[in-house]
Amino acid sequence: MKHSRNPNAGGTLGMTRRTAIGTGLKGILALSVAPQYLRAALAGPEAPSNRLSIGLIGNGLICTSHYGALIGRDDCRIVATCDVRRSKAEAMAAKAEAAYGTSGTITAYQYHEQLLARKDIDAVFVCTPDHWHVAVALAAIKAGKDVYCEKPLTLCVREGRPLVNAARQYGRILQTGTQQRSNASFRKAAELVRNGLLGDLRVIRTSLGEFPDAPNLAEEPIPSDFDYDRWLGPTPWRPYNERRVRGDYGGGWRCFFEYGGRKNGDWGAHHFDIIQWALGMDESGPVKFIPKGFEGTPYQTHVYASGVRVERVDQGLKSMIEFTGTKGTVWVSRDDYLETDPPSLAKRPLKPEEVHLYVSSDHHDDFLGAVRTRQRTISDVETGHRSATVCHLSNIAAHLGRPVAWDPLSENVIGDPVASTLLERTRRAPYGIL
Amino acid sequence: MTFRPYLSPVSRLLGTAALLMAAGCATADVAPAPTANSPAYSALPSLDYSGSQAARESLRLAIADAGKDPARLGSIEVRLVELLGRRDITFAGQQSICESLGRLYASGPAPSPVPPVLIRMLADETRVDLARLALERAPGAAVDDAFVNGLGSATGRVRIALIQSAGNRRISSAVPLLANLLQDPDGATAAAAATALGRIGGQAALAGLAKAPDPSSPVVAEARIRCARILPAAEALPVLTDVRSNSAVPAPLRVSAFLAVLALEPATVSDQVAAVLAGSDLPFKQAVLTDLVALPADAVIPVVSANLKSWDLVTQTAAIAALGRIGDPSALPVVMAAAHSEDRDLRRAAIGALGALPGNPEVARLLADASAEPGETGKLARLSLSRLRGAGVSESVLEGATHMDDPRRAVFLEELALRNAPGASDILLKVRDEPSVASRCAALDGLALVAPADLEPTLISWMTAATDSTEQTHASRAVVGAAERNPDAKARLKLVTDLIDKAPPALQRRFLTVISRTGGPLGADYVAAFALRKDPDLAQAAVSALGQWSDRTALAALATVAEKTQDAGLRKAAIEDSIASMEYHRGWLSTEQKAIVARLRVAAKDAELTHRLDELENPPAS
């Protein structure tokens, strides 16, 4: 077994973060098809020491992971942290100062507007809960920053298009945190599908797991350093309870539809995204969403115009995603797991005339490289929006308890006004207009 | 207090007496007596956040059950408005009802008149957001009026909430009020008004924005751009040009105005792009470079071709990378020229871009030369060459691979396989008899990628006959590659196990590694047997091979070793290898993997290992 706990390990040539640290960044930069450069003259005149200056917004669980990836790099520098719970921002800043061996070089903020007002910051990582992703990313884009935004990119479908438009209209880079695209096995699986090497696709199955039900929570005193109203932001008011705001991969705020998409949003943002990629649907999407138990299927299902069905099978799959066609099957998971039937497919080189997908062997490299070269990232804003749309529509169909028809071209629900209303959410004042 | 009967729009449309009775002609602030046949969600008025949410769920189910039936949905709507008017209703109850009303209103006929209880809530600081949940996405002039009327007299937080709704609903009749609010001393109110005007858009909103005391403030400038974007070009251009040229406006907004101008004036794209890229305004350069891929190729490529060398190297590099993304064949000459640059980064950008453009034999030779370079440039060139399309490219690769005196031969041999060229295996096999170890190794690398399963015996023969250790290693990879393409798992394994069975211990240890690369449960069981032999070196090699297994099928074999070995060190290694394999998938363990964890728990005689096994079943960190 190839042991690796690094989700981005084992890229095209087996380069890992550890290797990169050992050999220098240049080693992995050149593995991408789009070359990436260390020069930072484009980063802005105030960028110190020719490094990209990074701000981390939302300093909870997932931010710790990004911190770990960024802190060892010599091509960027964390210069600011930000969390509505001020002590978290301060702790993250102190941790980074200790790692850099500096003091007083990193500022902790409570509000993202303060961080974004700094002209020396080139790019921000948006690591908030889902309900703040778009508002913060939009503000960053309008402040002239490039953005790495955690997945799912949006909280609801109608947040996506304004974000895509803003990125284009302001000429900014956005990387969605769907890092499975930067894993060689997922790319290989997608290329096998895209090139028809599995024959006519019949069904795609994926496993997302389950969260516990959202708990009914009594009101608790709000910690003194926590701006809870700001944490709630555009979502409907609810009483404070530590379990509501907790960052927890197994629960916490992820259990609540108010702040995310539960498992469809949390893991669907990864696996549905790979499926969209494999099917060449990065600027499109499925045409129908069928909840579990409807139209004769025991599984939550979505269907593409080609007839390809995607089933959410939460038990019994041997991999995270399974693509089955008339000529073969591919099973793919993290940890570089790729298995094919027939086995000859797994390492089959592509012919020049076949579809070669964008190569990224590290999601952070790809983002930071794109910031410098001004090229779109592997998980560009449009693809992040489209993949999140699949997540949201799956939830809408489940919530309504009926199939929902979707037009991916116009991005509208077909023939179901109630479902249409669920494409957006009313935003609580003053966290209002996107 | 004014009491006015409220009729749902649906009930008015249907006009049935029965529905009127069901509606109960509900009056605000009067609590109706519960009836025996009230729906379960009638308990909503007492809903709180910590207790049972059954009433809320009941309402969701009722709406789902009503499907798209307007009569049933209308009936629910009437009942909800009635419940909302009760004096004893909790905040949570109001919130839940308003969320559902929002869904019903948005999907049905416009509520007209707007229920009085919601009008009152729109003026209440603590409940205005609840009323907005119900009304903001409801269609109709009556709802627009409710917001505009409320806005006229509102202050503070209520006013900001109503401004927000006016913007989100794009209520054009709110423009005069919003324009006046641009001069409000409260900055948040003025900013919200500007943002709302931008959202409403169009000429009237644009005119309203002229009342702003500071037209260069970010919110006002952004709103002006937003208004202009939906105007005809002739009306939009002066606005956009004005914003772009106002140095008091923050750079990102000036950039946005400029990009909007580019979209409206395609005839000027070439000149404007050339001017920006030749300049020194970094925000503009960044944005234009980002936008190159979206601009018309016939405007971009001539500009880059004509001006590239006059730009700074960083701009050149980004522009060449963009040409690769655009993928237009007319970019080939300038990209080829850049590939000869002495600047490393520019050259790499060009080498990367060449792999995305239709090429020719000259490009193939250039990439082959670069492929032979050490380091990252060489790797990037090999990748580009493996993707290179175009007339004569495949022929030139084949020719280079078959001419022994071609200095690029090793590259072309490997590329035959990387490009999955027809007949590649046959050509590569012929290299076995050549004198050059480098060529033989290159051929073996290619065979590792493409050799069919029936070549496995031939490759084993090549491996065992090789005297050069480097060649042996390359040959073993080729054996593994061929074995992996054999759909028959037993046959795939047998050739290697036969070889191992006959080999001396030193070679057995080496060949165990070969099996680890082929993977599969049968091979794992075979290797596990070596782990239980008395030869400690062989046992160690076997456990090591299982730990390096190329897939996850060695877990059961490792568990068997952990259970049966008498060697505490091997036991620990087997358990640690199993944990390491599964650790990444915490929370994703299959039924089979959970069973293996149970077996390992029994075998582990170490608290730390037991603890780590316990942790495996915790939820994963994504």
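Odds and ends about this structure:
- Remark: pairs (first residue in segment B:190-203, on the phi > 0 side of the Ramachandran plot; second residue open to solvent by 30 Å² or more (accessible area, probe 1.4 Å) and assigned to a helix (DSSP H, G or I); Cβ separation under 9 Å; 6+ apart in sequence or on different chains) = B:201/B:226; B:201/B:229; B:202/B:172.
- Among helices (runs of 4 or more DSSP H) entirely within segment A:211-273, having at least 2 residues that are modelled with pLDDT of 95 or more and more than 21 Å from the chain's Cα centre (by Cα) singles out A:228-232, A:242-245.
Per-residue answers, yes or no, for (1) at pLDDT below 85; (2) surrounded by 20 or more Cβ atoms within 10 Å (Cβ to Cβ); (3) touching a Lys or Arg at 6+ places or on another chain (Cβ under 7 Å); (4) not small (Gly, Ala, Ser):
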position	(1), (2), (3), (4)
B:503	yes, no, no, no
B:510	yes, no, no, yes
B:514	yes, yes, no, yes
B:522	no, no, yes, yes
B:535	no, no, no, yes
B:540	no, no, no, yes
B:556	no, no, no, no
B:561	no, yes, no, yes
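- Any hit, segment A:387-403, residues being free of Cβ contacts under 8 Å to residues at least 12 places away in the same chain, in contact with a strand residue (DSSP E or B) (Cβ under 8 Å, 6 or more places away or on another chain), at negative phi and within 13 Å of chain B (Cβ to nearest Cβ): no
- Taking segment A:215-236 as the range and being closer than 15 Å to residue B:95 by Cβ and either among the small types (Gly, Ala, Ser) or surrounded by fewer than 17 Cβ atoms within 10 Å (Cβ to Cβ) (or both) as the test, the residues that pass are A:216, A:217, A:219.
- For beta carbons closer than 8 Å, sequence separation of 6+ or different chains, a first residue in segment A:325-347 that is facing another protein chain (nearest Cβ under 7 Å) and a second that is part of a strand (DSSP E or B) and open to solvent by 30 Å² or more (accessible area, probe 1.4 Å), the qualifying pairs are A:337/A:331; A:339/A:331; A:346/A:338; A:346/A:339.
- The residue list B:71, B:66, B:23, B:43 contains one member that is at pLDDT below 85 and aliphatic (A, V, I, L, M), which is B:23.
- Options A:356, A:364, A:399, A:392; residue that is open to solvent by 10 Å² or more (accessible area, probe 1.4 Å), touching a His at 6+ places or on another chain (Cβ under 9 Å) and not hydrophobic (A, V, I, L, M, F, W, C): A:364
- Conditions (1) buried (at least 22 other Cβ atoms within 10 Å of the Cβ); (2) closer than 30 Å to residue B:213 by Cα; number of the one not met by residue B:156: (1)
- Unmet criterion (only one of (1) within 20 Å of residue A:254 (Cβ to Cβ); (2) surrounded by fewer than 20 Cβ atoms within 10 Å (Cβ to Cβ); (3) hydrophobic (A, V, I, L, M, F, W, C); (4) touching a helix residue (DSSP H, G or I) at 6+ places or on another chain (Cβ under 8 Å)) for residue A:71: (1)
- The set of residues from segment B:180-218 being part of a loop (DSSP other than H, G, I, E, B), closer than 18 Å to residue B:249 by Cα and touching a Pro at 6+ places or on another chain (Cβ under 8 Å) comprises just one member, B:182.
- Selection within segment A:131-145 - more than 21 Å from residue A:253 (Cβ to Cβ) and either at the interface with chain B (Cβ under 9 Å from one of its Cβ atoms) or within 15 Å of the chain's Cα centre (by Cα) (or both): A:141, A:142, A:143, A:144, A:145
- Check on residue A:372, over 30 Å from residue B:392 (Cβ atoms), assigned to a loop (DSSP other than H, G, I, E, B), out of contact with any Ser or Thr (no Cβ under 6 Å at 6 or more places or on another chain) and facing another protein chain (nearest Cβ under 9 Å): no
- Of B:487, B:435, all but one fail to be open to solvent by 50 Å² or more (accessible area, probe 1.4 Å), without any contact (Cβ under 8 Å) to a residue 24 or more places away in the chain, of a type outside the set (Asp, Glu) and assigned to a loop (DSSP other than H, G, I, E, B); the exception is B:435.
- Filtered residues of segment B:225-251 (kept if crowded, with 21+ Cβ neighbours inside 10 Å and in contact with a Gly (Cβ under 7 Å, 6 or more places away or on another chain)): B:226, B:227
- Residue within segment B:452-460 that is within 14 Å of chain A (Cβ to nearest Cβ), surrounded by fewer than 22 Cβ atoms within 10 Å (Cβ to Cβ) and under 30 Å from residue B:339 (Cβ atoms) present: no
- Subset of segment B:81-125 (residues that are of a type in the set (A, V, I, L, M, F, W, C) and within 14 Å of chain A (Cβ to nearest Cβ)): B:91, B:92, B:97, B:98, B:101, B:104, B:106, B:110, B:118, B:121, B:122, B:123
- Among residues that are outside any loop (DSSP other than H, G, I, E, B) and either touching a Leu at 6+ places or on another chain (Cβ under 7 Å) or within 14 Å of chain A (Cβ to nearest Cβ) (or both), residue B:598 is not included.
- When we screen B:72, B:87, B:103, B:79 for residues that are open to solvent by 50 Å² or more (accessible area, probe 1.4 Å), part of a helix (DSSP H, G or I) and of a type outside the set (Phe, Trp, Tyr), the only hit is B:72.
- Residue within segment B:288-298 that is part of a helix (DSSP H, G or I), of a type in the set (Ser, Thr, Tyr) and either under 23 Å from residue B:385 (Cβ atoms) or in contact with a helix residue (DSSP H, G or I) (Cβ under 6 Å, 6 or more places away or on another chain) (or both) present: no
- Test result for residue A:307, closer than 23 Å to residue A:412 by Cα, open to solvent by 30 Å² or more (accessible area, probe 1.4 Å) and assigned to a loop (DSSP other than H, G, I, E, B): yes
- Residue B:291 being within 12 Å of chain A (Cβ to nearest Cβ), among the acidic types (Asp, Glu) and touching a residue at least 24 places away in the same chain (Cβ under 8 Å): yes
- Neighbours by Cβ (under 7 Å, 6+ apart or cross-chain): first from segment A:225-239, under 18 Å from residue A:57 (Cβ atoms); second open to solvent by less than 30 Å² (accessible area, probe 1.4 Å) and outside any loop (DSSP other than H, G, I, E, B): A:231/A:245; A:233/A:131; A:233/A:132; A:233/A:135; A:234/A:131; A:234/A:135; A:235/A:131
- Complete set of residues in segment A:338-353 that are of a type outside the set (S, T, N, Q) and open to solvent by less than 20 Å² (accessible area, probe 1.4 Å): A:345, A:349, A:350, A:352
- Residues that are among the aliphatic types (A, V, I, L, M), over 13 Å from residue A:284 (Cβ atoms) and not in a strand (DSSP E or B), drawn from segment A:394-419: A:396, A:397, A:398, A:400, A:418, A:419
The values are calculated or read from the model by the stated rules, or taken from the named source; none is laboratory data. Small disclaimer: the values here were computed from a predicted structure and weren't measured. So basically every Cβ, Gly included, is an ideal-geometry build from the backbone, and we count neighbours across all protein chains shown. Ligands, DNA and RNA are stripped out before the accessible areas are found, and what is left, the full protein with its side chains, is counted by its heavy atoms. Shrake-Rupley method; radii C 1.70, N 1.55, O 1.52, S 1.80 Å.
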